[in-house]
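Okay, structure first, notes after.
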Amino acid sequence: MNIIELNSVGKVYRTNTVETLALENVNIQIAKGEFVSIMGPSGCGKSTLLNVMGLLDRPSSGTVEIDGKPTANLSDKALSALRNAKLGFVFQSFHLIPSLSVTDNVELPLMYRQGTSDKERKARVREVIERVGLSHRMGHMPTQLSGGQCQRVAIARAIVGNPEIIFADEPTGNLDSHMSAEIMDLLKKLNKEDGRTIVMVTHNELQGKETDRIIRMFDGHCLS
Amino acid sequence: MKSNILKQTLYDMKRQPVTAAVTLIGTALAIFLMMTVMMINDVKTMPLTPESNRDRILYGMNMHTVSTEDGNNSNSSSRLSVKSATELYGDLEGISVWSIYCDDNNNIDVQATGKTPAVLFSRMTDDKFWQVFDHKFVAGRPYDKATIDAGDNVVVLSEGAVREVLECTPEEAIGQTVKVGQKPKTVIGVVKDNTPLASHAFGEVFMPIPKDNNMSWDDDYFGSVSVAMLMEDGATYDQIKKQVKARYAELENNMKATNRKPVYHEQPYDQLAASNAMGSNTTPDTESEKKKTLMLILILLLVPAINMSALTQSRLKHRTAEIGVKRAYGATKGRIVLELLAENFVVTLAGGIAGLLLSMIGAWLLSDTFFAGMGDPSNRVDINLPINAILNWKIFFWAVASCFVLNLLSAGIPAWRASRVHPVEALRK
Ligand SMILES: Nc1ncnc2c1ncn2[C@@H]1O[C@H](COP(=O)(O)OP(=O)(O)OP(=O)(O)O)[C@@H](O)[C@H]1O
Ligand SMILES: [Mg+2]
């Protein structure tokens, strides 16, 4: 079964003067456990596509199904709950909360989830921080970390809620090649060992080749 | 979560110290002003020794009559005489004890032999006065009915009066003679210095109303006394009022021959009405007083809130990305609003506590200025503020409640707006 299914998805951005067709008739199926990369020139709609799949944005037309369930009629509250339960996000600029320590940043998704005890949360946070190899940096603040470390914290935050899908928008875009390789290894591990589905936007052909499948985009269309 | 709120608040304040300081000071000032208004308002009705029974005390204060003749608009009003006080308020059902006394303080010369005279506040009362009000005797005793009936020339002084006039201890004062308005009187009791905020009971010199003296200036119903009475447990204000209204009807009947009739002004008054009683020929308007205070409080909160709202708005601008992340990870809009309000409440509460402390310390140290003119228009005597006037649960509750309202007013709209930002837009930052 497909864990993500997009049918004739279109996205139009309207401002007062211009109308941008960011996505047009996009049909995509992604199977559970797949590691897919999305590639294409700047401005072709990769981030828009990721945001629509990640339920952060609603399509202007077409349907998005997650785990076989249509999402069009879900309220903002229901979408929030669904994101919390099933989706994880990694951003190019990390987006760690500067006022919170590594531990508190990682714990964040669990704060928006009912029914986990303080103890369970703390144990889970420790576990995922170990997983990304940052046990020795638990109490640090984001400003005290390198870019690669920040992104590893962000990945820990993305998996702490045990989501089925991880969306990563140019996760290595702000990192040097050495750190990029580390992050790619980590993502592959999460895909292979935990069976998580990963959808990643990248400009790096080599990274794309390391994934199961490349979806190529051009001007709001999918080429393959 | 709670610890995150604190961490984020502190971080935010450190990052924008000027904004934080302005917010804190603004809040402190708003709560300071608000609590000052509250305290000044509160002392009018809260129990204050020697008016500890304010919640069950009633006052028959004035007499007002008009002519019944056509074309005659004559209007008379003043305090009561002993006769009218007794006819209107004597031995009502549901009243445990009632006292006839002069509600107005009179300045009087008091002098001990060989010493300089002092001008002090004096009050003439009956013996029940000491039961309705709980003056604390530090030496001697109050005058009782037997003393009054015997026509003894006695006086009760306050500690301060003793100090000023006799320059001795309360114990040494008992039995000494002082001239009160040229008449020699024996000191039989000394009471603790009391606060003029308890304006019905306050005094420095207390003397008995002589036996069989009507205290009247028209030899009839008008005079210089009032009535204070204590309701029994279970008695209701309405029940007492109804009886007094009936007595007014009786009085109207009795007065027919004089071609005058009394005007009923909803007496007796409870503490609130009495504190709002403006003249002897009007009915106190407690509702409009309440509204005025409410409006004042609202303005005191609203004006700083509007200013701080702009500050909050600019503070939240820096946090758009963070809100986007939280939304992506499942925080609902409502949750974002709650978190931001909670964070802001920490700041408001900190400022509010500072403001409350400031108002308490201010009221305590500057009580003569704070409560100027209340109960003592001449501002001569010390306010002697009882500590419970500023340190009580009600004040504390209202301070916290005001912080809560101030928080909603100053952060509500900014937080709401911040929560509406589209997560994709927020994350682009
Ligand atoms: N909020 C918006 N309003 C108007 N136009 C937008 C908005 N967001 C994106 N667009 C437009 O939609 C198109 C697709 O944008 P998108 O960000 O998805 O591109 P991208 O493939 O992720 O580019 P990049 O590789 O530079 O990140 C672009 O032409 C962009 O200008
Ligand atoms: Mg992009």
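Of the trypsin sites (Lys or Arg not before Pro) found in the range B:77-140, the ones in coil according to DSSP and having at most 15 other Cβ atoms within 10 Å of their Cβ are B:115, B:136. Overall, the range B:57-275 carries a charge dipole of about 240 debye about its Cα centre when +1 sits on the Cβ of Lys and Arg and -1 on the Cβ of Asp and Glu, all other atoms neutral. Count Lys and Arg as plus one, Asp and Glu as minus one, and take only other residues whose Cβ is under 11 Å from that of residue B:148; the net charge is then -3. A simple rule links phi to the HN-Hα coupling: the Karplus curve 6.51 cos²θ - 1.76 cosθ + 1.60 with θ = phi - 60°, which for the range A:38-49 gives 10, 10, x, x, 4, x, 7, x, 5, 5, 4, 4 Hz, with x for Gly and Pro. Of the GluC sites (Glu not before Pro) found in the range B:232-315, those in coil by DSSP whose Cβ has at most 16 other Cβ atoms within 10 Å are B:232, B:266.
For peptide A:86-97, the mean count of partner chain Cβ atoms within 10 Å of a residue's Cβ comes to 4. Both radii were evaluated on the Cα set of the protein assembly as shown; the Rg over Rh quotient, with Rh as the Kirkwood radius, amounts to 1.26.
Take the Cα radius of gyration of the range B:308-395 and divide it by 2.2 N^0.38 Å, N being the number of residues; the result is 1.80.
Full extension of the chain between residue B:372 and residue B:280 yields a length gain of 30.8 nm, computed as 0.36 nm times the residue separation minus the alpha carbon distance.
Considering chain A at the alpha-carbon level, its Rg and Dmax are found to be 17.4, 53 Å. Take each residue in B:330-336, count the other chain C-beta atoms within 10 Å of its C-beta, and the mean is 6.
By the count of other C-beta atoms within 10 Å, a proxy for reagent exposure, B:410, B:96, B:78 are ordered fewest to most as B:96, B:78, B:410.
Report, in degrees rounded to the nearest 10, the 0 to 90 angle that the Cα long axis of helix B:393-420 makes with the longest principal axis of chain B. The angle comes out near 30 degrees.
What per residue convex hull volume, in Å³, comes out for the range B:57-275 when only alpha-carbon positions are used?
Numbers: hull volume 28.0 nm³, N = 219.
Expressed per residue, the convex hull around the Cα atoms of the range B:57-275 is 128 Å³.
Note on the protein assembly as shown: with charges restricted to the Cβ of Lys and Arg (+1) and Asp and Glu (-1), its dipole about the Cα centre is near 3020 debye. Note on residue B:259 and residue B:104: the model spin-label points, each 7 Å out from Cα along the C-beta direction, lie 2.8 nm apart. Of all aspartates and glutamates in the structure, the ones whose alpha carbon falls short of 12 Å from that of residue A:188, not counting any fewer than 8 places away in one chain, are A:34, A:210, A:212. Dipole magnitude for chain A: computed about the Cα centre from +1 point charges on Lys and Arg Cβ and -1 point charges on Asp and Glu Cβ, it is near 480 debye. Loop-located trypsin sites (Lys or Arg not before Pro) in the range A:17-114 (DSSP state other than H, G, I, E, B) with a sparse environment of at most 16 neighbouring Cβ atoms within 10 Å: A:32, A:113. Counting every other Cβ atom within 10 Å of each residue's Cβ, A:184, A:138, B:295, B:39 order from fewest to most as B:295, A:138, A:184, B:39.
Applying 0.36 nm per residue to the separation of residue B:296 and residue B:219 and subtracting their alpha-carbon distance, the gain on full extension is 23.2 nm. Taking label points 7 Å from Cα along the Cα-to-Cβ direction, residue A:27 and residue A:193 give a separation of 3.9 nm.
No value in this document is a laboratory result; all are computed from the given coordinates. Keep in mind it's a predicted model, so treat the numbers as computed, not measured. Cβ atoms come from the backbone with ideal geometry, glycine included; neighbour counts cover every protein chain shown.
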